[in-house]
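One structure is given below, encoded as structure tokens.
The values are calculated or read from the model by the stated rules, or taken from the named source; none is laboratory data. Remember, it's a predicted structure, so these values are computed and weren't measured experimentally. Don't worry about glycine lacking a Cβ; one is built from the backbone with ideal geometry, like all the others, and counts go over all protein chains shown.
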Amino acid sequence: MDIKIQIIQINQINMYSFSAFPEDRIRILISELNVHYDKINNYLESEVSGEHLNVEVIDSLAKLNEINRLAPFRLNNNPNSGDFRLGIDILESVIALLSTGAGHQSTKNNLIDLGWSLLNKLYSFSFDRLVDSAFL
């Protein structure tokens, strides 16, 4: 008998000191996002799929998009800054949400777009050029 176990843990996002983000609004969004992550983790542990999980992924995407919208065009790339660490946490969240397999294709596409947007805000080189050059 083969048993396939898939464990995906979406980590809670930490509260940092921010310099470029509107701190009060970001703290509220992070708190709301962590509630969605708890629900997603519970659904995954209980092997609940379908619309309940999809709704939580969509709601998480909405919160992540709001945080991304409030982020500056370029985040401070000092690894010790709260802005940079939040950007990395959000990027890890996007990857974890995609790893759940939940959500409709449009939701997955929006998560991928959000991930690329975050990469562009975190790092100064063009990922589009990097990907294009890999295909040459």
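For beta carbons closer than 6 Å, sequence separation of 6+ or different chains, a first residue in segment 78-103 that is over 16 Å from residue 30 (Cβ atoms) and a second that is of a type in the set (Gly, Ala, Ser), there are no qualifying pairs. Look at residue 8 and say whether it is at pLDDT below 80 and either within 12 Å of the chain's Cα centre (by Cα) or not basic (Lys, Arg) (or both). Taking the combined requirement at face value, the residue satisfies it. Considering segment 50-96, the residues that are small (Gly, Ala, Ser) and surrounded by fewer than 17 Cβ atoms within 10 Å (Cβ to Cβ) include one that is modelled with the lowest pLDDT, namely 50.
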